[in-house]
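The values are calculated or read from the model by the stated rules, or taken from the named source; none is laboratory data. Since we're looking at a predicted model, the values are computed, not measured. Using ideal geometry, Cβ is built from the backbone for each residue, glycine included, and neighbour counts are taken over all protein chains shown. Keep in mind that these areas ignore ligands, DNA and RNA; they rest on the heavy atoms of the full protein, side chains included. Shrake-Rupley method; radii C 1.70, N 1.55, O 1.52, S 1.80 Å.
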Amino acid sequence: MPQAPGSAASPLGSVDKALLTLDALARAGASGTSLAALAAEVGANKSTLHRTLAALRHRGYAEQADDGTYRLGPAVLALGTTFLAEENLPALLRPALEALCGAVDELVHLGVLAGREVVYLDKVEPQRPVRVWSAVGRRRPAATTALGRALLAAGPLRDVPDDGALAAFAGSDTSVERLREVLARARSTGVAAETEENEAGIACVAVALLRAGRPVAAVSTTAPAERLAGDARAARVAALREVLPAHLPAGLTIPSA
């Protein structure tokens, strides 16, 4: 069983020092920090830390500025990008989808944006019977789905867009005016929605999953329209905002209300 951070001596001190150095560089931010400050924070002498930094620089995990300060290198960003690559998302997010499904007892979907469409990457079905057709790999216009609207509002149409940008996503599936309206609501509340726009009697609510403020995916709850109205809707939105974030991998968040 892994040890909690700081609970015991590391099995390999040199690796532990390198990891502590990366943590310290992350806290230092883009402006970086000096060797002396790093040594004090990590608890290592400067000569040892200098060798650690040389190894990190060799692999691109640290870099040194002209003024001698150190900061994180581009390989750290590449790690995060690879970890959250589309092909990894279903496995990484499955526990969060299952927790949300268990909390609301409704169908839960995971989707990503592909051009002007949403691709469904995963789903978790509730114990109760589901009367909506759903399939992993299915594609739907982003402009008419809760998943797509959550992604558009947090991503390509995050800022107030002009009619040309809206029209590119609206296509023939909806109007520019309607898309502007639903995205404005999603941006203000942090939650996107659609009711009976894709299937009679069915409604959805969704939130984007953000990394460094940019969407990597979205999660939705799909249910009969009567269970996504009034107090029932409020309960399902609350689960999206409270249950889902508690089970997301580190570094992922949802938009604030």
Task: Meets criteria (part of a helix (DSSP H, G or I), farther than 25 Å from Gly251 by Cβ and open to solvent by less than 50 Å² (accessible area, probe 1.4 Å)) for Leu49 - done: yes
TODO: Go through the range 188-203 and count every residue that is buried (at least 18 other Cβ atoms within 10 Å of the Cβ) and under 24 Å from Ala257 (Cβ atoms).
DONE: 7
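Only one residue in Pro129, Pro156 is buried (at least 16 other Cβ atoms within 10 Å of the Cβ), part of a loop (DSSP other than H, G, I, E, B) and of a type outside the set (Lys, Arg). Which one?
Numbers: Pro129 fails: buried (at least 16 other Cβ atoms within 10 Å of the Cβ).
Unique residue meeting the criteria: Pro156.
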Open item on the list: I'm trying to understand the selection: among the residues of the range 231-257, which are touching a helix residue (DSSP H, G or I) at 6+ places or on another chain (Cβ under 7 Å), closer than 23 Å to Ala203 by Cβ and open to solvent by 70 Å² or more (accessible area, probe 1.4 Å)?
Closed with: Ala257
Open item on the list: Given the criteria on the phi > 0 side of the Ramachandran plot and under 14 Å from the mean Cα position of the chain (by Cα), does Gly213 qualify?
Closed with: yes
Open item on the list: Within the range 58-88, take every residue that is under 30 Å from Ala218 (Cα atoms) and modelled with pLDDT of 85 or more and give me the one that is least open to solvent (accessible area, probe 1.4 Å).
Closed with: Gly73
- [ ] Go through (1) out of contact with any Pro (no Cβ under 6 Å at 6 or more places or on another chain); (2) within 23 Å of Pro249 (Cβ to Cβ); (3) crowded, with 20+ Cβ neighbours inside 10 Å one by one and return the number of the condition Ala223 breaks.
- [x] (2)
Open item on the list: Contact list please: Cβ distance under 6 Å, first residue in the range 101-119 and more than 22 Å from Val237 (Cβ to Cβ), second residue outside any strand (DSSP E or B), pairs at least six apart or on different chains.
Closed with: Arg116/Ala142; Arg116/Phe169; Glu117/Ala142
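Restricted to the range 28-46, and to residues that are assigned to a loop (DSSP other than H, G, I, E, B) and within 12 Å of Lys17 (Cβ to Cβ), which residue is most open to solvent (accessible area, probe 1.4 Å)? Reasoning before the result, please.
Narrowing the range 28-46 to residues assigned to a loop (DSSP other than H, G, I, E, B): 29-32, 34, 43-45.
With within 12 Å of Lys17 (Cβ to Cβ) added as a condition, the list becomes 43-45.
Working: Gly43: 59, Ala44: 20, Asn45: 88 Å².
Taking the candidates together, the pick is Asn45.
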